[in-house]
Structure formats: C-alpha cells, structure tokens
Amino acid sequence: MGSSSNGDRPWQSYHTAYTNAKAGMDGVDKEKVQRVIYEMSKGSKYFESEKRKEAFLKQKIDNLQAQRAKLTDKDISHFQQICDKKVVDLEASRDLSKIWLHSDMDAFYAAVETLGNPALRGKPLAVGSLSMISTANYEARKFGVRAAMPGFIAQKLCPDLTFVPPNFEKYTYYSNLTRKVFQKYDPNFIAMGLDEAYLDITETCNNRGISREEFADELRHAVYEETGLTCSAGVAPNRLLAKVCSDINKPNGQFIVPNDRNAVLSFISSLPIRKIGGIGKVTEHVLRDVLGINTCEEMLQKGALLCAMFSQCSTDFFLSVGLGLGSTGPPQHTLRKSISTERTFSATEEESFLFEKLADVAETLSKDMQKECLCGRTLTLKLKTATFEVRNRAVSLQRYIHSKEDILNYASKLLKAELPLSLRLMGLRMSQFRDDNLDPMQKTLTNFFISGEDATKSLTCISKSSGLEISDKQITNNGYLDSSFGNGSCFSNDSCNVSYESDYSLSNLLVEHNNNDGFGVNSVDDALSVKSNPSKREKMKELINFSEGEAVHLSNQKVEPLWVDDYICALCGIQLPPSFTEERQEHSDYHLAEMLQKEESTKMTRHLMQPERLVERTKKTGEGSRKKQKLSPKEDKHIPIEAFFIKCKKSL
DNA sequence: GGGGGAAGGACCA
DNA sequence: TTCCTGGTCCTTCCCCC
Ligand SMILES: Nc1ncnc2c1ncn2[C@H]1C[C@H](O)[C@@H](COP(=O)(O)OP(=O)(O)OP(=O)(O)O)O1
Ligand SMILES: [Mg+2]
C-alpha cells in the first residue's frame, strides 16, 4: 500500500518511524494508532515537512524503478555472475566458530524509573516530556506509545500515561551495575550505549560445558540479581544476528541461533530486512518498492538486481545479510570524533534571542569539551528552520579551539550569514580534534599510569597498545545506495556501532603528544613543560604520587587536589581557576570516573596487548575491510613526558 | 585520482 | 500549542595538487 494517496483513509499513507512494529507492539490496534497520529499531526509544520521528505523518497524510488526497467536480460545475466562470485567469496568468509551474546535491557529508562518509584509499577509510563519521549514501558506500548514519539500524541493514545523526566545519572549508575556483571562473564565485553552489550561467550560455554541457553539464563539472572532489572538476550554466531535475536523474545526473554549454517539460513529466511541493524525506514522502503525485497532471503534471490543497481558497498552488505553473516572478531576501539550540543526552542527570527541562545549553546559545548580535554578545529553550526529544514554550516580553522569565546565568535559569523531566518533549533558541533590522525600515540593518561612508565622513558608500550586499533569494518557492514540512481542512503552494520559506547566503556581522556608542527603546543606547555619550568613538573609528579617503574593503583589516588598552581589540572592540563567550583567538581568527577573505569578494564588492556590478539585482529582486518586503511605511523617514538601534558589550550 | 573541506542524509539508542 | 539529542558513517560536490 503506502504511497498511493487514498482518499477515505488518508492516515494510511502517513508513515512515521514509530508506527513500525518493533518490540512490544503485539496486541496493538495499529490502525487506530495510525489514525490518532495522523489526526494529531495533520497540518502541522512537522507534518508538512514529513510530507516533503516522503515525496522526495518517492521520487528516488521512481528513479530507481526506471533504472531497473532499463536493465536488459544481458545485463542481468552479467550481474548474476558478479553476484554469484560475491556470494562464493562471502560464503568462504563465514565464521561459525564464535558464540556471541547480545544483551538488551527491557524498556531501560522506564524500568530504572520504576525501580526508584514502585508506585509506577504496572502503570503506563513514558520517560520524556510532552514534546518528546525517550522510551515507554510495556504497559504504555500496548497503547501504541513508543520511543521517539512526541508526548502529546502519546497522551492522546493513552490518557493515563505518566510522564517522568529523564535522569541520566541514574541510568548511568544502573548501566554500570550491568557492566559489572558482563565483566565477570567476558572481560572484553563490548558495551553499546547504556543498555546494550555484546559478550563473546565462546570460551565460557566451551570451558564450562554449558549450553547457550543455560548461559543466557544465567547471565540474565545475574543481571537481575545485581540490578533488579530484566533484560533480553540473543545468542548467535555473530553480532549482527545476536542483536536480532535479543529482540525476538523481548521483554525478559532470550532466543538462540545455533552455530550451524542451516540453522542460520533458516533463521534468516523469513526475517524482515527491517530487523537488521543498519536497515532503517528508507532502505526498507527502497528495497521493497524497487525490488520487492521484504525478507533477508530475498536479498540473495534478487542478488543480481542488487549488484546492478547499488554500489559495491551496499551490495556486499545486502548479500551478507542474505547469508546471515556478521562480525565475529573483536571490535575496534575508536576514539570520539565529534562532540555536539543542540537546543530546540519555539521558532523565532528575533536576532537578539538567537544570538543569546547561541551563546548558551556555545557555553555548553565549551564546558563539555573541557570536561574531556578536547580542542577541535572544525566547528559546525546546525540550524533547523521553522519549517524543519536542517542546514549545516561549517568552518575549519587554522588553530584548535575550545573556549566559549572562540566558539561563539566563529559560530556567530556562521549564523550571521544565514540571517534573517526563523529558527526552531540551533546546535554546535566540534570535530577534527587535535591529533586525531595520530591514533597510535593517543593514549589515556590513566593507561599511562597503569603502565608505570617512567616519565622520561619512551612510550613504546603505550603506543603499542593503542596501536592495536584495527578496523572492525567488515565487508558485510556498510553500504550505500548508489548515488547515480537516487541518492545515497547509508547502511551500517552491527559492528559500526562499536563507537558509541566508547564513551563509557573506553576511556576518552586523551593525552596528546606534540604534533611537531611547532604550533598548538603552547598554553599548558608553557605552564608545565620541563623546559619552561622544571619545578612545575616536580610539583606535578608529587601531586600525582607518581612512582617510577611501578603501576599505580588509581583507586588509591585522590583525584580532587590535582590543581597545579591552583588552576591547572595535573591530569590533563586544562586551566580552571578556583572560582569555577562547579566546573572543577565536574572535571574532577570526570577524571575519577575515567580512572575507575580504566582500572576495571586493566585486565582487558593487558590482554589486548598480547601478541596473539594482535594477530587475530590483523587477520580480521584483512578479511573485512575493503576500504583503504589509513596506516598509522608505526614507530618507537620517544615521547617526553611534557608532551603528555600538552592539552587543551586556552588559545587566548 | 586522491586529499581535504563542506553539505546533506541514513541510522542508532 | 506541541515532534529530541548526541553520536556514527557515508555519500556528493567542490577545489586543489
Ligand atoms: N530517539 C531516541 N532519542 C533519545 N533516546 C532514545 C531514543 N530511542 C531510544 N532512546 C533511549 C531510551 C531507551 O530506553 C534506550 C534504549 O533503547 P532501546 O533498547 O531501543 O529501547 P528500550 O531499552 O527502552 O526498550 P526495549 O529494548 O525493551 O525495546 O535508548
Ligand atoms: Mg533496551
């Protein structure tokens, strides 16, 4: 149905993301929900904007259909050959030796809120506000209420709905509890966002001689014991499938696909493609309307057409989905690439208001950057007009900035160029962080302490450990629709997500080294470097209780009093005068959290440094990535300690 | 051709 | 009355070497 404009049932053609069936939508009267959403949305600016987008998508689909119609039999048999070859290669890469478990908390935010306030139990609950909700519990889902639905519509669907504002500290706390459990079962587990994790349970299952079912049961029990929260689990030979599985018996359930090719193929055969991570609303529509693909199995059946119409990248991903392949190797530890903040407000074109708002956003961004000692050189202003049109305007600078003043200065210039304009949102994003092309040398200071390196010694060991980074990109993973036939929509994979959780599971406390261009090494350097002031370095060593050649136990460290000269953070060099009490508290908390986190994962770090791990990762890289690898400068560079404290600069 | 920057978009939780 | 936030990755298009 869909795109036809039907007169008597107009709501049927209005598809918003949350009308799609995911978990917990079983007994829902879909038509009624759809109608309410339509009635509530009709005529709004948002609605008009969605209609424009749908029209655009329809155009894209039409183009693709025309393209498809042009294919001759000869073309098709040619692409069939290409496809067959790809399938053979992909099949050869199938790895059934690993057992992966994906764990996903049930209605996570809502469940945590219920834990803190048992009076909410059993009642429909949404976390969020009247304008937007983050998630809803299963009682609310029965009414059609879902994540990413505006609260006022949810309230219409479910008049008794209780709203609770989100409280991320709480969620982080409970998330950490779950991670304590995961850690026990797989010290190398991969955390994704706050409520998800992947565990490689191959060894545990084999060593203990327990089945996948038993393991999943035990793990879910352990999580419940620790947190009082339920989760669902999926077990499969790769992460992509494990994630699909964890959704099947939600909530509080589990589903297993054995490590057997036939089992995988039969599981995948009738699976709707939308269940696959990386296939969203647009891809689903395109593949259905252009090629009639609904299930994963049909990806293979229509393989020749896919090869004919989509990019290499896309087809490799699609075909691998059809074969039930996914990442099995250890993932990449990626560093944060950008940091951003944005605010929505009621639309206005009043310039004084907009510039005030921009100053707020700049201040927030600057503070967030300081918490993590980041300095960037590309600033992007994001605008959303009253009509929901989104614009980005970027500048790349010669120098790295992080201060509110600098950010606001450049952001204002970008904004001025767009005015006059009625806006409902403004955001700022910083990227291109200092040293971001020198991964191998980037290291967390905490690792530095753990490694117990002498300040004056080379950092061979550290760079080795961070040099371990590999690409987890697999052939199967990222695909884009060939732009020559409509434009690029992107597909990603189960493993690409590895990056999000790095916020939590992996340290982001970067300590950068001199990027030897003679620039950008000033501020903190001036204050701390041996050259400019040897006594400062001594002071710092004292302060951080540095013991030469011996690992320091971080939990015994006091993080609080590390302000060199009472205004420079000894850990990262950022400068915060004593009067900035709140900022300093936050900053200290940040370091403390990092250290605790790091300390917990020390074992993992060590493990990763072992050679066999290296080999495995290298192999994996070779298998998957078709994209050119950026070679990281491999070297035994000698990095002096002061270079480690060259941090965010004040650039004033 | 490819690198880097800018703009836009799909997708995820 | 009313439709979020913060992140990733990837495309295309452009300029430049
Ligand atoms: N669009 C969104 N914006 C902001 N936060 C979101 C959004 N979607 C999801 N979240 C948050 C809230 C969720 O509790 C959390 C985890 O997402 P997810 O696992 O998909 O749902 P859930 O854990 O609430 O329910 P369940 O997993 O049982 O379906 O991420
Ligand atoms: Mg969940």
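Restricting to the stretch A:241-267, what's the tally of residues that are in contact (Cβ under 8 Å) with a residue 40 or more places away in the chain, within 16 Å of ligand 1 (Cβ to nearest atom) and crowded, with 20+ Cβ neighbours inside 10 Å?
Within the stretch A:241-267, residues that are in contact (Cβ under 8 Å) with a residue 40 or more places away in the chain, within 16 Å of ligand 1 (Cβ to nearest atom) and crowded, with 20+ Cβ neighbours inside 10 Å number 6.
Of the conditions (1) in contact (Cβ under 8 Å) with a residue 40 or more places away in the chain; (2) within 15 Å of ligand 1 (Cβ to nearest atom); (3) not polar (S, T, N, Q), A:Val145 fails just one. Which one is it?
So A:Val145 meets the others, but not (1).
Looking at (1) within 26 Å of A:Ile268 (Cα to Cα); (2) more than 14 Å from ligand 2 (Cβ to nearest atom), can you tell me which one A:Phe152 breaks?
(1)
Can you name every residue in the stretch A:268-288 that is free of Cβ contacts under 8 Å to residues at least 24 places away in the same chain and touching a Leu at 6+ places or on another chain (Cβ under 8 Å)?
Within the stretch A:268-288, no residue meets the criteria.
Got a sec? Which of A:Leu365, A:Leu319, A:Leu335, A:Leu408 is more than 10 Å from DNA strand C (Cβ to nearest atom) and either part of a strand (DSSP E or B) or farther than 30 Å from A:Ser269 by Cβ (or both)?
A:Leu408
Regarding A:Asp160, is this residue over 22 Å from A:Gly24 (Cα atoms) and away from ligand 1 (no atom under 16 Å from the Cβ)?
Answer is no for this residue.
Would you point out the residue of the stretch A:206-230, among those that are over 17 Å from A:Ala111 (Cβ atoms) and part of a loop (DSSP other than H, G, I, E, B), that is farthest from DNA strand B (Cβ to nearest atom)?
Out of the qualifying residues, it is A:Gly209.
Would you check if A:Leu428 is of a type outside the set (S, T, N, Q) and at pLDDT below 95? Give the derivation first.
Working: of a type outside the set (S, T, N, Q): yes; at pLDDT below 95: no.
Criteria not met by A:Leu428.
Please find, within the stretch A:6-41, the residue that is modelled with the highest pLDDT out of those that are more than 16 Å from DNA strand B (Cβ to nearest atom), in a loop (DSSP other than H, G, I, E, B) and touching a helix residue (DSSP H, G or I) at 6+ places or on another chain (Cβ under 8 Å).
Filtering the stretch A:6-41 for residues more than 16 Å from DNA strand B (Cβ to nearest atom) gives A:6-14, A:26-41.
With the extra rule that they be in a loop (DSSP other than H, G, I, E, B), the set shrinks to A:6-9, A:14, A:26-29.
Narrowing the set further to residues that are touching a helix residue (DSSP H, G or I) at 6+ places or on another chain (Cβ under 8 Å) leaves A:6, A:14, A:28.
Numbers: A:Asn6: 44, A:Tyr14: 65, A:Val28: 80.
Taking the candidates together, the pick is A:Val28.
Keeping to the stretch A:302-316, report how many residues are within 24 Å of A:Asp95 (Cβ to Cβ) and out of contact with any Ser or Thr (no Cβ under 6 Å at 6 or more places or on another chain). Talk me through it step by step, then tell me what you get.
First pass over the stretch A:302-316, keeping only residues within 24 Å of A:Asp95 (Cβ to Cβ): A:303, A:306-307, A:312-316.
Pick out the ones that are also out of contact with any Ser or Thr (no Cβ under 6 Å at 6 or more places or on another chain) and you get A:303, A:312-316.
Matching residues across the stretch A:302-316 total 6.
Could you give every pair whose Cβ atoms fall below 9 Å, whose first residue belongs to the stretch A:98-109 and is more than 10 Å from A:Cys231 (Cβ to Cβ) and away from ligand 1 (no atom under 15 Å from the Cβ), and whose second residue is of a type in the set (Ser, Thr, Tyr) and in a loop (DSSP other than H, G, I, E, B), counting only separations of at least 6 or pairs across chains?
Within 9 Å, the pairs are A:Lys98/A:Thr328; A:Trp100/A:Ser327; A:Trp100/A:Thr328.
Picking from A:Leu265, A:Leu241, A:Leu291, which residue would you name as being away from DNA strand C (no atom under 16 Å from the Cβ), modelled with pLDDT of 95 or more and under 22 Å from the mean Cα position of the chain (by Cα)?
Numbers: A:Leu265 fails: under 22 Å from the mean Cα position of the chain (by Cα); A:Leu291 fails: under 22 Å from the mean Cα position of the chain (by Cα).
So the residue among A:Leu265, A:Leu241, A:Leu291 that is away from DNA strand C (no atom under 16 Å from the Cβ), modelled with pLDDT of 95 or more and under 22 Å from the mean Cα position of the chain (by Cα) is A:Leu241.
So that you can scan it fast, the table gives a plain yes or no per residue for (1) among the charged types (D, E, K, R); (2) over 27 Å from A:Lys53 (Cβ atoms); (3) more than 15 Å from DNA strand B (Cβ to nearest atom):
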site	(1), (2), (3)
A:Leu365	no, yes, yes
A:Gln370	no, yes, yes
A:Gly376	no, yes, no
A:Thr385	no, no, no
A:Val395	no, yes, no
A:Gln398	no, yes, no
A:Asp406	yes, yes, yes
A:Tyr410	no, yes, no
A:Leu414	no, no, no
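Identify the residue in the stretch A:270-318 that is among the polar types (S, T, N, Q) and crowded, with 20+ Cβ neighbours inside 10 Å and, among all such residues, is nearest to ligand 2 (Cβ to nearest atom). Write out each step before concluding.
Step one: of the stretch A:270-318, the residues among the polar types (S, T, N, Q) are A:270, A:283, A:294-295, A:301, A:311-312, A:314-315.
Add one more test, that the residue is crowded, with 20+ Cβ neighbours inside 10 Å, and what stays is A:283, A:314-315.
On the way: A:Thr283: 22, A:Ser314: 28, A:Thr315: 31 Å.
Only one residue tops the list, namely A:Thr283.
Are any residues in the stretch A:110-122 away from ligand 1 (no atom under 16 Å from the Cβ) and aliphatic (A, V, I, L, M), and if so, which ones?
Within the stretch A:110-122, just A:Ala119 meets the criteria.
It is to be established whether one or more residues within the stretch A:198-205 are within 16 Å of ligand 1 (Cβ to nearest atom) and either surrounded by fewer than 17 Cβ atoms within 10 Å (Cβ to Cβ) or not in a loop (DSSP other than H, G, I, E, B) (or both).
Our first condition is that a residue be within 16 Å of ligand 1 (Cβ to nearest atom); within the stretch A:198-205, this holds for A:198.
Filter once more, keeping what is either surrounded by fewer than 17 Cβ atoms within 10 Å (Cβ to Cβ) or not in a loop (DSSP other than H, G, I, E, B) (or both): A:198.
Yes, the stretch A:198-205 has at least one match.
The values are calculated or read from the model by the stated rules, or taken from the named source; none is laboratory data. Computed from a predicted structure; not experimentally measured. Here Cβ is always computed from backbone atoms with ideal geometry, including for glycine, and neighbour counts include all displayed protein chains.
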